[in-house]
Amino acid sequence: MRLGISRVVLAVCALCLSQLVRADEILVAVAANFTDASRELAALFTDTTGHRARLSYGSTGKLYAQIEHGAPFDVFLAADRQRPALAEQNGLAVTGSRFTYARGKLVLWSPHPDAFEDGEIYLNQAPTTPLAIANPRTAPYGLAARQTLESLTLWTTWQPRLVRGDSIAQAFQFVATGNAGAGFVALSQVSAWPDPVGSMWPVPETLYQPIEQQAVLLTRAQHNPVARAWLQFLRSEPAQAVIRRYGYATDSPNDADG
Amino acid sequence: MSAEWQAIWLTLKLATVTTAILLIVATPLAWWLARSRHWLCQPLAAVVAMPLVLPPTVLGFYLLILMAPSGPVGQLTQSLGLGTLPFTFEGLVVASVIYSLPFAVQPLQAAFSGLSERMLEAASTLRASPLDRFFSVVLPLARPGLLTATVLTFAHTIGEFGVVLMIGGNIPGETKVLSVAIYDHVETLEYARAHWLAGGMVAFAFLVLLSLYLINGRLGGHGLKP
């Protein structure tokens, strides 16, 4: 029995020690649309620097609410510029650390190849199946979807058939499982989807406000070199190349400060 | 405030419909589980209790796949001309019936198995038919269990969240129930409105349970314990 207890104590010590060794690990709050890209970026970050970035996903609005309540995040990768700016204003983020790491693109998507050719024509038909969007109040891509439907004066037409995902990830999942006929999702999600067959209509960028996805260093990590290294890494050309490959636009390195 | 009232009304409607369906379904099921010695009793009791153990996400995930247009349940509902269930009130009812099933069955089962055999024998010597025995002897004697089942099912459905979030699609007036409305308010930092609803639910839960305990105490029956 005594041996058993000492073993437990030893194990706990080992665990604490491993936590200490992991001091070069940061926790990053990632907007749901950036899930796949950030996963690849985190692996690349570990390869190049030896540091580790652990990722936590959610809608931008939800993550912001968590940060405001002291969630232990070091860096916030949002899907808009409003929340990072708000974090700066409210002293939750380090002033001047904010920059645009990706520009998002909104698409109308369905996994069925014959669902539509021109999304605008599809949207102008009488709604027969649910249309998935992310919750416009918490998810920037949901807001962009709402702006798109409003620009096309179709918001009220589709209103009864709209299903709102908790984040853009859930909106995508509603479409991918076939429960919604189509949905407004992020191009990055379609890029990461293993099955390339389907219908996709890139929404003209005149129909919605630009989706400027900004990163910001959070106050609790202001003296954390790993967090700063991660932000530095995001601006690096290899990282930006990964981000572009997932279907985002990036700023040229010279005007990276957004 | 009309959006709030809409969510409250929808939630009450969902809980009422679910409770009504569950009482009809759970009563014979509980009776059978309580009285039969069939080998299927234990496996079935385990299945009934599963929603207590499984996370709502498991239920939501499988319902979403089963009820999708290409899923088996989805194909069935479509061929019956009912359309598909996700993102509809009917879909929430189906999910709630499954999710709250143990809360209806278990109190009833406990009440039924506590009935004395002699009462039933006495009734049958008076030539009461099985159905007659059930309605005029069993149900009145099992009243505390029936009350507990009703109240718990109702209250548990009111408090449902995870499954609704996964298959509801957050549609005002159709699937946006109270718990989802509160979640929405919290996520968008509208704390005043969140407090209004959340505080109301705390008070509601306390009052419901208090009256259940008071009434059951007076009836002297089995309380919440199975």
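For segment A:22-44 and segment B:101-139, what is the separation of their Cα centres, given in Å? If we compute the Cα centre of each part, the gap is 60 Å.
Couplings 3J(HN,Hα) of segment A:125-135, computed from phi: 6, 5, x, 10, 10, x, 10, 8, 9, 7, 4 Hz, in residue order, whole Hz [Karplus 6.51 cos²θ - 1.76 cosθ + 1.60, θ = phi - 60°; x for Gly and Pro]. In terms of packing, defined here as the mean over residues of other Cβ atoms within 10 angstrom, the peptides A:26-35, B:188-197 line up highest first as A:26-35, B:188-197.
Interface between chains B and A: roughly 1700 Å² of accessible area buried, both sides summed (probe 1.4 Å, protein heavy atoms only).
In peptide B:180-190, what is the residue-averaged number of other protein chain Cβ atoms found within 10 Å of each Cβ? Present the calculation step by step, with values, prior to reporting the outcome.
On the way: counts 2, 0, 0, 3, 6, 1, 3, 14, 7, 7, 1.
That works out to 4 on average.
As a length-normalised measure over Cα pairs under 8 Å and 6 or more apart, the relative contact order of segment A:167-258 settles at 26 percent.
Calculate, in nm to one decimal, what B:R118 and B:W32 gain on full extension: separation in residues at 0.36 nm each, minus their alpha carbon distance. Working shown, then result.
Numbers: separation 86, 0.36 × 86 = 30.96 nm, distance 1.83 nm.
Net length gain for the segment: 29.1 nm.
Please report, ordered by residue number, every helix of chain A (full DSSP H runs) that is 24 Å or longer along its axis going by C-alpha atoms and whose mean Kyte-Doolittle hydropathy reaches 0.0. What comes out of the filter, once short or polar helices are dropped, is A:2-21. Through the Karplus equation 6.51 cos²θ - 1.76 cosθ + 1.60, θ set to phi - 60°, convert the phi angles of segment B:14-31 into ³J(HN,Hα) values in whole Hz; use x for Gly and Pro. For segment B:14-31, the Karplus curve yields 4, 5, 5, 4, 4, 5, 4, 4, 5, 5, 5, 6, 6, 4, x, 5, 5, 4 Hz. What the phi angles of segment B:104-110 give under the Karplus curve with 6.51, -1.76 and 1.60, with θ = phi - 60°, is a coupling list of 8, 6, 5, x, 5, 4, 4 Hz, glycine and proline written as x. In chain B, helices alone account for a calculated mean residue ellipticity at 222 nm of -24000 deg cm²/dmol, with every DSSP H run of four or more residues adding -39,500 (n - 2.57).
Give the peptides B:80-91, B:169-180 in descending order of average Cβ contacts within 10 Å, highest first. Before the final figure, lay out each step's value.
Details: B:80-91: 18.3, B:169-180: 22.1.
The packing order, highest mean first, is B:169-180, B:80-91.
Please give the per residue accessible area of the protein assembly as shown, computed with a probe of 1.4 Å over protein heavy atoms only, in Å². Working shown, then result.
Values: 23360 Å² over 484 residues.
Heavy-atom SASA per residue in the protein assembly as shown reads 48 Å².
Over chain A, Cα pairs under 8 Å with separation of 6+ residues give a relative contact order of 28 percent.
Considering Cα pairs under 8 angstrom that are at least six residues apart, work out the relative contact order of segment B:2-219 and quote it in whole percent. Show your work: numbers first, answer last.
Working: 240 pairs, mean separation 66.7, N = 218.
Once normalised by length, the contact order is 31 percent.
Per-atom-type breakdown for segment A:43-94 gives carbon and sulfur 48% of the accessible area (1.4 Å probe, protein chains only).
At 222 nm, what helix-only mean residue ellipticity would chain A give, in deg cm²/dmol to the nearest 500, using -39500 (n - 2.57) for each DSSP H run of four or more?
Working: 11 runs with 109 residues, N = 258.
Calculated from helices alone, the mean residue ellipticity at 222 nm is -12500 deg cm²/dmol.
Judged by the gyration tensor of its Cα atoms, with axes a ≥ b ≥ c, segment A:128-184 is oblate; a/c meets the 1.5 cut and b/c is at least as large as a/b. Partner shielding of B:164-173 amounts to 5, given as the average count of beta-carbon atoms from other chains within 10 Å of each residue beta-carbon. Around the amide H of A:I211, modelled in the peptide plane, lie the amide H atoms of A:G104, all under 5 Å away and 5 or more residues distant in sequence or on another chain.
Shape class of segment B:1-56 from the alpha-carbon gyration tensor: oblate, with a/c at 1.5 or above and b/c at least as large as a/b. Please state the shape class of segment B:2-219: rounded when a/c is under 1.5, otherwise prolate if a/b exceeds b/c and oblate if not, all from the C-alpha gyration tensor. Cα axes put segment B:2-219 in the oblate bin. When each of the peptides B:70-78, B:127-135, B:95-103 is scored by how many other beta carbons lie within 10 Å of its residues on average, the order from highest to lowest is B:95-103, B:70-78, B:127-135.
Just to confirm a number: summing +1 for Lys and Arg and -1 for Asp and Glu over residues other than A:L207 whose beta-carbon lies under 14 angstrom from that of A:L207, what do you get?
Values: positive: A:K105, A:R146; negative: A:D118, A:E120, A:E150, A:E205.
Local charge sum for A:L207: -2.
Count, for each residue of A:138-144, the Cβ atoms from other chains sitting within 10 Å of its Cβ, then give me the mean as a whole number.
Values: counts 5, 1, 0, 0, 0, 0, 0.
That average works out to 1.
Close amide H contacts of A:V94 (hydrogens built in the peptide plane, cut-off under 5 Å, sequence separation of 5 or more or a different chain): A:L217, A:L218, A:T219. Summarising the amide proton neighbourhood of A:G165: residues at separation of 5 or more, or on other chains, whose placed amide H is nearer than 5 Å comprise A:I133, A:A134, A:N135, A:A171.
The values are calculated or read from the model by the stated rules, or taken from the named source; none is laboratory data. Only a predicted model underlies this, so the values are computations on that prediction, with no experimental measurement involved. Counting neighbours? That spans all protein chains shown, and the Cβs are built from the backbone with ideal geometry, glycine included. Only protein heavy atoms, including side chains, enter the accessible area calculation; ligands, DNA and RNA are left aside. Shrake-Rupley method; radii C 1.70, N 1.55, O 1.52, S 1.80 Å.
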